[in-house]
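Scroll down for the structure; my scribbles are underneath it.
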Amino acid sequence: MCRLSVEHLERDRVAWVDTDAGGRIHFTAAFRWAEKAETGLARKLGLLDRWGSYPRRRVEAEFLKVLVFEDEIEVRIRVERVGRTSITYAWEIAKDGEPYVVGGHTVVFVDGEGRPEPLTDEIRAALSA
């Protein structure tokens, strides 16, 4: 297990579909934005075409301030920890440089039958760059 600081920044905007009946973001939007940033990180590291299957093992978020339709946001994701079969990410969703949502999630690399499998040397090297 090692601790790392590989990170990626995605810019986005709160869409109408991201909001609830009260006009605030629906909580699930934060997880979609984090997943989009995770994909962007894999793309940036040149791993997207061989990324594999990574179901979520744990997800969490703390909602600090309210985001609404058309807010411009930045989603910063970083690799917090790499285990034998898992990757833990920490992320922050900010507006105007202020954190609005902070969270994290852990994914587990699995084989075709859904069993945990060790991360490849290539993925470990990219996450350690």
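The values are calculated or read from the model by the stated rules, or taken from the named source; none is laboratory data. If you're wondering where the values come from, they're calculated on a predicted model, not measured in any experiment. Neighbour counts run over all protein chains shown; Cβ positions are idealised from the backbone, glycine included. In case anyone asks, the SASA skips ligands and DNA or RNA and just uses the protein heavy atoms, side chains included. Shrake-Rupley method; radii C 1.70, N 1.55, O 1.52, S 1.80 Å.
Some notes on this structure:
- Those strands (runs of 3 or more DSSP E) of the range 4-92 that lie entirely within it include none in which at least 3 residues are of a type in the set (D, E) and farther than 22 Å from A129 by Cβ.
- Condition check for T28: loosely packed, with under 15 Cβ neighbours inside 10 Å, among the β-branched types (V, I, T) and over 23 Å from E122 (Cβ atoms): yes
- Within the range 72-129, the residues that satisfy the criterion of being within 25 Å of H26 (Cβ to Cβ), of a type in the set (V, I, T) and in contact (Cβ under 8 Å) with a residue 40 or more places away in the chain are I73, V75, I77, I93, V101, V102, T106, V107.
- Qualifying residue in the range 100-114 (condition: closer than 30 Å to T19 by Cβ, surrounded by fewer than 16 Cβ atoms within 10 Å (Cβ to Cβ) and modelled with pLDDT of 95 or more): no
- Subset of the range 56-71 (residues that are touching a residue at least 40 places away in the same chain (Cβ under 8 Å) and either open to solvent by 60 Å² or more (accessible area, probe 1.4 Å) or touching a helix residue (DSSP H, G or I) at 6+ places or on another chain (Cβ under 7 Å) (or both)): R56, R57, R58, V59, E60, A61, E62, V66, F69, E70
- Meets criteria (open to solvent by 20 Å² or more (accessible area, probe 1.4 Å) and either acidic (D, E) or under 30 Å from D121 (Cβ atoms) (or both)) for G83: no
- Scanning the range 31-55 for residues that are of a type outside the set (A, V, I, L, M, F, W, C), closer than 21 Å to H105 by Cα and open to solvent by 50 Å² or more (accessible area, probe 1.4 Å) yields R32, E35, K36, T39, R43, K44, R50, G52, S53, P55.
- If you go through the range 13-25 and keep only what is surrounded by 15 or more Cβ atoms within 10 Å (Cβ to Cβ) and not hydrophobic (A, V, I, L, M, F, W, C), you end up with D18, T19, R24.
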